[in-house]
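Everything below concerns the one structure shown next.
The values are calculated or read from the model by the stated rules, or taken from the named source; none is laboratory data. Because the structure is a prediction, the values reported are computed rather than measured. Every residue, glycine among them, receives a Cβ derived from its backbone with ideal geometry; neighbour counts consider all protein chains shown. The area values use the complete protein model at the heavy-atom level, side chains included, leaving out ligands, DNA and RNA. Shrake-Rupley method; radii C 1.70, N 1.55, O 1.52, S 1.80 Å.
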Amino acid sequence: MSQLPAAEAARRRTFAIISHPDAGKTTLTETLLLAGGAIRAAGQVRARGENRRTRSDWMKIERERGISVSASVMTFDHDGLMFNLLDTPGHEDFSEDTYRTLTAADAAVMVLDAAKGIEPQTLKLFEVCRLRDIPIVTFINKMDREAQDPLELLDEIASKLALDPAPLYWPAGSGGRFRGMLDLRTRRFLPFERSSADRDLSGHPSPVPVDDAAMEAYLDPQALEELKESAELVQGAAPPFEVQSFLEGHMTPVFFGSALRRFGVDQLLEGLGAYAPPPRAVAAVRSGEATQVAPGDPEVSGFVFKVQANMDPNHRDRIAFLRLCSGRFHRGMKLKVQNTGRQISVNAPIMFFASDRELAEEAFAGDVIGIPNHGVLRVGDSLSEGGTVRFAGLPNFAPDILQRVRVKDPLKAKHLRRALEGLAEEGVTQLFRPLIGSDFVVGAVGQLQFEVMADRLASEYQLDVIFEASPYAEARWISGQEADISAFTAAYRSAMADDIDARPVFLSKSGWETGYVAERYPSVSFARTRERG
């Protein structure tokens with residue numbers, strides 16, 4: 001085992017940011033990049049029109065609506081560590097993209113709105129993290145606005161998430177009365193200064209010991225006494241922070257702050273560096289046998305968790321996001337795709353900064369690199385030097401909404417097919433080709449996905465499309481013995497389709513019909529999910 005891959009992997013921190021829409025995730029992403037020295041000025045998240053632009057929200061529709069609908073990656077060096085920040089879609093209609101992105105993360109930052117606490121989408125994303133044993137750091141945002149009592153927020157984390165909250169800081173007030181927070185470990189007070197939102201929020205006053213006379217400038221005697229009492233109360237009630245319990249997914253360190261005012265974000269970044277885990281061994285199958293792939297293993301290996309087309313509008317590019325799991329990758333090396341045996345030369349690998357990019361000369365476990373390709377790589381593909389390593393595939397989930405799609409100009413029907421296949425290969429939407437009829441059926445989790453698809457088809461492919469109601473309500477992947485599948489397909493040919501990988505899919509008109517057909521054909525399996533890769 002080479003020391004270099006292991007040592008370099010040990011200084012990686014690859015984490016995702018998850019939250020309910022409007023909790024401030026995109027603003028926190030910007031401010032983390034600012035705190036990490038990756039950018040000199042944060043995006044004007046609250047501005048209007050052309051000024052509303054952030055580093056992580058690079059799609060046209062994201063900039064127009066101020067929402068995140070696509071995962072993006074940002075890499076930066078800070079304090080001797082290499083951070084890979086995975087920004088996930090905030091909107092619940094894109095939960096599948098979020099799920100896949102979390103497979104590439106070693107930790108997650110859960111952003112909570114201090115006034116709203118844990119919201120439904122936060123709960124769903126947390127469950128995904130729990131399924132994958134991803135340790136969670138909590139950042140309670142917007143303390144400069146009126147907030148819930150912080151003790152109630154901790155109780156909510158404990159009751160709704162069954163997670164022990166361990167605050168490392170404790171706030172002094174909220175909203176107009178917010179004065180800063182106390183570091184519970186060092187007993188130093190971090191003053192908050194409400195800066196003008198029109199200038200760069202470069203900093204706040206230096207920390208002072210809580211018993212120092214200088215505290216008079218920030219808290220009156222009564223407020224100081226209240227802060228000390230509440231801090232003592234929470235330290236007596238909450239368990240002390242234990243790194244091992246955090247790494248095992250039982251405990252979450254809690255940070256407070258305001259991403260918009262860049263307060264508490266430096267402390268969050270410091271906490272991620274200190275406590276978030278470096279890349280760990282990943283379960284895999286090598287030449288048919290179960291194994292563990294360690295970050296320090298000499299063979300380069302990784303898996304594709306996302307494919308994104310047209311990140312550069314000037315080129316019809318297609319980028320596969322590869323999470324490296326082991327070895328020392330260098331530009332120009334050859335990797336094999338496990339399921340196809342195809343060898344590719346990675347001559348122009350990319351390190352990401354949202355939609356910006358630069359050539360990656362080398363990379364290690366924990367890093368995410370982009371591999372330009374023309375449909376060779378798919379979501380769920382496993383790559384390695386020998387081509388014998390297979391990581392667990394990533395799931396496709398049955399869509400909640402099915403619609404027909406056609407192009408207004410019939411002469412562009414072939415272009416529509418290629419465009420729909422390209423978008424489906426990114427793994428965010430499903431594409432089904434009915435065995436009878438010429439219209440495509442598109443599946444999605446929510447209505448916003450169709451709006452994003454129409455926007456992208458128009459802006460990236462110059463296709464004006466119409467989405468129409470389809471007669472189908474559910475899609476199920478079918479499997480079984482070849483003879484059973486053939487008999488079922490013959491009986492229900494009008495309801496059969498192929499997915500993007502030519503796997504058979506049954507399109508039913510209702511949940512009742514799905515259950516009825518499943519009872520009639522017990523030898524055929526009807527699945528809500530299918531593994532890709």
### Message
Quick check: at a probe of 1.4 Å, how many percent of the accessible area of the range 314-401 sits on carbon and sulfur atoms?
### Response
45
### Task
State the percent of C-alpha pairs, over all pairs in the range 129-264, separated by a distance greater than 26 angstrom.
25
### Task
For the chain, just run the numbers: alpha carbon Rg, then divide by 2.2 N^0.38 Å, N being how many residues it has.
1.04
### Summary
Quick calc, the range 338-434, dipole around Cα centre from Cβ unit charges on Lys, Arg (+) and Asp, Glu (-), nearest 20 debye, gives 920
### FRET efficiency for Arg185 and Leu359, using Cβ-Cβ distance with R0 set to 41 Å, rounded to 0.05
0.50
## Note on the structure
Rounded to whole Å², per residue accessible area for the range 412-469 with a 1.4 Å probe reads 40
### Helix 25-35 vs. the chain, principal-axis angle (Cα, 0 to 90°, nearest 10)
60
### Task
Can you tell me the 0 to 90 degree angle between the C-alpha axis of helix 150-161 and the longest principal axis of the chain, rounded to 10?
30
### the range 436-533, relative contact order [Cα under 8 Å, separation at least 6], %
30
### Summary
Rounded to 0.05, the calculated FRET efficiency for the beta carbons of Lys116 and Ala348 at R₀ = 41 Å is 0.40
### Query
How large, in percent, is the carbon and sulfur part of the accessible surface of the range 145-196 at a probe radius of 1.4 Å?
46
### Task
Quick one: what are the phi-derived ³J(HN,Hα) couplings along the range 505-514, Karplus 6.51/-1.76/1.60 with θ = phi - 60°, whole Hz, x for glycine and proline?
10, 9, 9, 9, 7, 6, x, 4, 5, 4
### Summary
Note to self: with every protein chain in place and a 1.4 Å probe, the range 196-294 gives an accessible area per residue in Å² of 52
#### Entry: the range 124-178: proportion of alpha-carbon pairs further apart than 18 angstrom, %
40
### Task
List every residue whose amide H lies under 5 Å from the amide H of Asp297, counting only residues 5 or more places away in sequence or on a different chain, with H placed 1.01 Å from N in the peptide plane.
Gly327
### Task
Give a residue-ordered list of calculated ³J(HN,Hα) values for the range 268-285 (Karplus: 6.51 cos²θ - 1.76 cosθ + 1.60, θ = phi - 60°; whole Hz; x for Gly, Pro).
4, 5, 4, x, 4, x, 7, 10, 4, x, x, x, 10, 4, 10, 5, 7, 10
### Query
With the other protein chains left in place, how much accessible area per residue, in square angstrom, belongs to the range 342-387 at a 1.4 angstrom probe?
36
### Task
Report, to the nearest 10°, how far helix 221-237 tilts away from the longest principal axis of the Cα atoms in the chain, using its own Cα long axis and a range of 0 to 90°.
50
### Query
When we measure straight from the Cα of Lys116, which aspartates and glutamates land under 18 angstrom away, once same-chain ones fewer than 8 places off are left out?
Asp22, Glu92, Asp144, Glu146, Asp149, Glu152, Asp155, Glu156
### Net length gained if the chain between Lys160 and Ala413 were fully extended (0.36 nm per residue, minus Cα distance)
86.2 nm
### Query
Can you work out ³J(HN,Hα) from phi for every residue in the range 170-187, in order, using Karplus 6.51 cos²θ - 1.76 cosθ + 1.60 and θ = phi - 60°, giving whole Hz and x for Gly and Pro?
9, x, 9, x, 7, x, x, 9, 6, 10, x, 8, 9, 6, 5, 8, 9, 6
### Stretch gain in nm, segment Glu216-Asn339, where the contour uses 0.36 nm per residue and the Cα spacing is subtracted
37.6 nm
### Restraint check, Lys412/Lys509; Lys124/Lys160; Lys306/Lys336, Cα-Cα greater than 20 Å
Lys412/Lys509
### Task
For Val307, list long-range residues whose amide hydrogen, built 1.01 Å from N in the peptide plane, is under 5 Å from its own amide hydrogen.
Phe321
### Message
Can you order the peptides 260-267, 343-350, 108-115, 432-439 by their average number of other Cβ atoms within 10 Å per residue, highest first?
### Response
108-115, 260-267, 343-350, 432-439
### Message
Using only DSSP helix segments of four residues or longer, with each worth -39500 (n - 2.57), what per-residue ellipticity at 222 nm results for the chain after dividing by its residue count and rounding to 500?
### Response
-8000 deg cm²/dmol
### Message
Report for the chain the percent antiparallel among DSSP-assigned beta bridges with both residues inside it, nearest 5.
### Response
80
### Query
What residues have an amide H closer than 5 Å to that of Gly180, excluding those fewer than 5 places away on the same chain, when H is modeled at 1.01 Å from N in the peptide plane?
Ala172, Phe192
